[in-house]
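Written out below as structure tokens is the structure these notes cover.
The values are calculated or read from the model by the stated rules, or taken from the named source; none is laboratory data. Please read these numbers as outputs of a predicted model, since none were measured by experiment. Here the Cβ positions follow ideal geometry from the backbone for every residue, glycine too, while neighbour counts run over all protein chains shown. Surface areas here come from the heavy atoms of the whole protein model, side chains and all, with no ligands, DNA or RNA. Shrake-Rupley method; radii C 1.70, N 1.55, O 1.52, S 1.80 Å.
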Amino acid sequence: MQHISSRLIHGQTPQKDATFNRSLKTPIFESASFDFATAEEAENAFTGASEAFAYSRISNPTVTELQNRLKVFSNAEHCLCVASGMAAISNVFLTLCSSGDNIITSQYLFGNTLSFFSKTLRSFGIEARFSNLEQPSSIIENIDDNTRAIFLELPTNPQLIVFDVPAISQIAREKNIPLIVDNTVLTPYLFPCDQHNVDIEIFSNTKFVSGGATSIGGTILVYPSDKWANNPKLEADCQKFGRDAFYKRLFKEIYRNIGACLSPNNAYLQLLGLETLTLRIDRIMDNTLEIARFLQDQPKVETVRYGALENDPGYNLTKQLSQGKAGCLINMALKDKTACFQFMNALEMIRRGTNFCDNKSMIIHPASTIYWDFSREDKQKMCISEGMLRLSVGLEDLSDIKADIEQALSTI
Ligand SMILES: Cc1ncc(COP(=O)(O)O)c(C=O)c1O
């Protein structure tokens, strides 16, 4: 099977495993633990000599099937699914960093990621160096011997800034530092990390993968890399496992000790989501571009940011990196917070909600919600203005989305 939409439905090869009783859907293995026929089997499962299932915090057949399907999707060497997108981020950084280390990232981040970097990691003595990733060469001055990763979102949520990933990845290669991309907005379908020297990809399954926001989950994808040897924390793992060093440390220690495993039921929902992922993304891309153009023509809308718009600053990079496709998020600005609230409250079909990549169109005012507890100065630095709205365009008929926006704009 060549095409990704077929492989997302069937896996690498159609599943004909008799242990699933030839069921056409992967069963939900809701069992905390698994039986061993002998004490030797138990020993082998614990030492890693076999891959037998032992306990669902560590591995589970439904979750493993999702991981296998996501490996086919991304061409990654290893895949680990966890309880949420934030669990993916925290597992990765706790595997890579120790006290005294630093990471390079941008100010433009999803609110909890920003809080994890600036508060949680800081309390463990790990510094996030917020750099201007729009000018990749400026990263270099922030790199030192203790830099363990460069992290970015593509595009950033909610500013929708598109970074020059090839230029950043070149610096990461020259400096031997792992590049980590949060690919939640685009997914491997639109931005293939394996073609851009990304070492670790993470995304929130809660968005496109879950099939319309049915469940919370997260994914960590690890690509072949020799950079782990540069990290003293992974030195012993490198000697033992070579280029699998990062994944082994993650899977054998951090992931099982943190305990943020994905539930089999959520894995099942996300497997269902994968079957229709390309179909939904294709339709949502068409809808979102059309709505972005429509918003540009509305006099009460002051600015619209969407990378697939010809006049967007991210347009050329969007064409280069993701075939001109920019995801389901539009960043739009009205006059002020009052106008935003009036507009939101007048919407009849579009929902007021905090998720995105849902089948339903959804809108949020980031300054008063996701970023409510950041100071005015911090919000300014992050370009979170009081007049900004984040619209996630769904699968509804375009004419209904336009009509709802039009009638709500007429009330302000
Ligand atoms: C870009 C991005 N990364 C990570 C996350 C965290 O994902 P989750 O809510 O599944 O923990 C989000 C959540 O909205 C996000 O927008």
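For the chain, the per residue solvent-accessible surface stands at 43 Å², with DNA, RNA and ligands left out and a 1.4 Å probe.
Taking the DSSP beta bridges with both ends in the stretch 4-273, the antiparallel portion is around 45 percent. Each residue of the stretch 108-114 was assigned a 3J(HN,Hα) from its phi angle through the Karplus expression (A = 6.51, B = -1.76, C = 1.60, θ = phi - 60°), giving 8, 9, 4, x, 6, 5, 4 Hz with x at Gly and Pro. The solvent-accessible area of H10, taken with every protein chain present and a 1.4 Å probe, is close to 80 Å². The share of Cα pairs per 5 Å bin across the stretch 231-293, counted from zero up to the longest distance, runs 4, 14, 12, 10, 11, 11, 12, 12, 9, 4, 1 percent. When the residues K360, K207 are ordered by accessible surface, computed with a 1.4 Å probe over the protein chains alone, the sequence from largest down reads K360, K207. Using only Cα atoms and rounding to the nearest 10 degrees, what angle (0 to 90) does helix 398-409 make with the longest principal axis of the chain? On a 0 to 90 degree scale, this one is about 50. Relative to the dominant Cα principal axis of the chain, helix 264-275 is inclined by about 60°. Working note: Karplus 6.51/-1.76/1.60 with θ = phi - 60° gives the stretch 31-36 the couplings 9, 5, 9, 10, 7, 10 Hz, where Gly and Pro are set to x.
Taking a sphere under 12 Å around the Cβ of S385 and counting the other residues whose Cβ falls inside, with K and R at +1 and D and E at -1, yields a net charge of +4. When the alpha carbon gyration tensor of the chain is reduced to an equivalent ellipsoid, the three semi-axes, largest first, read 36, 27, 18 Å. Backbone amide hydrogens, once placed in the peptide plane, bring A149 within less than 5 Å of I104, excluding anything fewer than 5 places away on its chain. Label-to-label distance, L398 versus E290, with points set 7 angstrom from Cα along the beta-carbon direction: 0.3 nm. Other residues lying with their Cβ under 11 Å from the Cβ of S50 contribute a combined charge of -4, Lys and Arg counting +1, Asp and Glu -1. Multiplying the residue separation of E141 and K335 by 0.36 nm and removing their Cα-Cα distance gives an extension gain of 66.0 nm.
For R351, the residues 5 or more places off, or on other chains, whose built amide H falls under 5 Å of its own are S361, M362, I363. Under the rule of -39500 (n - 2.57) per DSSP H run of 4 or more residues, summed and divided by the residues of the chain, what mean residue ellipticity at 222 nm is obtained, to the nearest 500 deg cm²/dmol? Calculated mean residue ellipticity at 222 nm is -10000 deg cm²/dmol. When the pairs K207/K402; K335/K381; K25/K233; K119/K402; K71/K379; K25/K360 are compared against a 29 Å limit on Cα-Cα distance, K25/K233; K119/K402; K71/K379 fall above it. Among Q107, Q270, Q135, which one shows the highest mean-square fluctuation when the chain is modelled as a Gaussian network with alpha-carbon springs under 10 Å? The residue that fluctuates most here is Q135.
Per residue, the Cα convex hull of the stretch 278-409 amounts to 106 Å³. Accessible area of the chain with a 1.4 Å probe: how many percent of it is carbon plus sulfur? Carbon with sulfur: 48 percent of the solvent-accessible area.
Using only the alpha-carbon atoms, how far is helix 85-96 inclined from the longest principal axis of the chain? Give it as 0 to 90 degrees, nearest 10. The helix 85-96 is inclined about 50 degrees to the chain.
Each 5 Å bin, from zero up to the one with the longest distance, holds this percent of the alpha carbon pairs of the stretch 136-184: 5, 20, 32, 23, 14, 6, 0. When the residues R122, R243 are ordered by accessible surface, computed with a 1.4 Å probe over the protein chains alone, the sequence from largest down reads R122, R243. A simple packing score, the average count of other Cβ atoms within 10 Å per residue, orders the peptides 66-74, 29-37 as 66-74, 29-37, with the highest score first.
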